[in-house]
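Scroll down for the structure; my scribbles are underneath it.
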Amino acid sequence: MSLGLPRCRRCGAPTLREVAGCRDCPPEPISLARAAFAFEGPIRSAVHRLKFSGWRDVAPALGAAMASAWDDDAQIVTWVPLSGRRRRERGFDQARALARVVGPRIGLPVAPLLERRGDPGPQARRGRARRLAAMEGRFGARDVPRERVLLVDDVLTTGATAAACARALVLAGAREVAVLTAARALPGRVAADILGDGLAFGSVVAPGNRSPAVDASRGRNDPRKATLGR
């Protein structure tokens with residue numbers, strides 16, 4: 001189910017009335033953020049299966065929803081890279097897989113502009129301040145055009161990782177950095193105020209009345225591909 005408007009114009013988070021910016025906006029220098037879904041319910045399961053269970057067939061479904069959610073402009077797409085260790089453990093980079101779906105669907109080239117410097121470990125149990133500190137200086141950028149870059153990742157939580165990437169891109173020459181993710185983690189008060197009126201968790205966050213939904217009910221070993229529903 002699409003949440004539509006109202007929303008925060010900068011970060012796309014659902015709000016009770018339209019605002020230019022909100023307390024949940026990601027840190028600068030991120031200029032704009034959009035996400036296809038709330039990080040709850042079946043979408044949370046789908047993202048976890050993509051990241052941790054090797055269910056790669058969900059990437060085209062999520063990427064298509066992300067492309068539908070993108071409502072602004074950019075000139076090139078890149079992604080938040082995994083560390084070498086995590087890429088070896090998982091066998092692939094889920095953000096790269098998503099970017100390679102998003103780019104062609106919105107008519108933009110996809111390029112590896114970022115490199116990761118070390119691995120600060122899992123961020124899930126860290127608060128906002130600790131996440132920001134842990135990601136400081138963890139990314140470098142290369143061959144960045146002086147254009148608006150669209151940075152792709154799987155989930156936007158505090159924005160600490162995306163902001164560290166954005167800083168590296170801007171320092172390397174990017175004119176501006178926007179962020180597009182498959183899902184957005186919404187604070188409890190947002191969920192209570194906005195999703196509490198009968199709207200389902202795992203719903204589309206970005207506007208658009210034909211955004212596809214992801215069927216996350218199939219297990220990793222199911223031979224069928226991930227499907228889209230309306």
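The values are calculated or read from the model by the stated rules, or taken from the named source; none is laboratory data. Note that the structure is predicted; figures quoted are calculated from it, not measured. Glycine gets a Cβ as well: all are built from the backbone with ideal geometry, and neighbour counts include every protein chain shown.
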Residue list for region 1-60, filter: within 23 Å of residue 148 (Cβ to Cβ) and among the hydrophobic types (A, V, I, L, M, F, W, C):
8, 11, 13, 19, 20, 22, 25, 30, 32, 33, 35, 36
Could you tell me how many of the residues in region 62-84 are more than 14 Å from the chain's Cα centre (by Cα), among the aliphatic types (A, V, I, L, M) and in a helix (DSSP H, G or I)?
0
Every residue in region 139-154 that is of a type in the set (A, V, I, L, M) and more than 17 Å from residue 116 (Cβ to Cβ), please.
150
Any residue at all in region 79-92 that is at pLDDT 95 or above, out of contact with any strand residue (DSSP E or B) (no Cβ under 6 Å at 6 or more places or on another chain) and of a type in the set (Asp, Glu)?
no
Residues of region 41-60 satisfying the condition of being out of contact with any strand residue (DSSP E or B) (no Cβ under 8 Å at 6 or more places or on another chain), in contact (Cβ under 8 Å) with a residue 60 or more places away in the chain and not hydrophobic (A, V, I, L, M, F, W, C):
41, 45, 49, 53, 54, 57, 60
Pick from region 1-27 the residues that are more than 16 Å from the chain's Cα centre (by Cα) and in contact (Cβ under 8 Å) with a residue 24 or more places away in the chain: which of them is surrounded by the fewest Cβ atoms within 10 Å (Cβ to Cβ)?
16
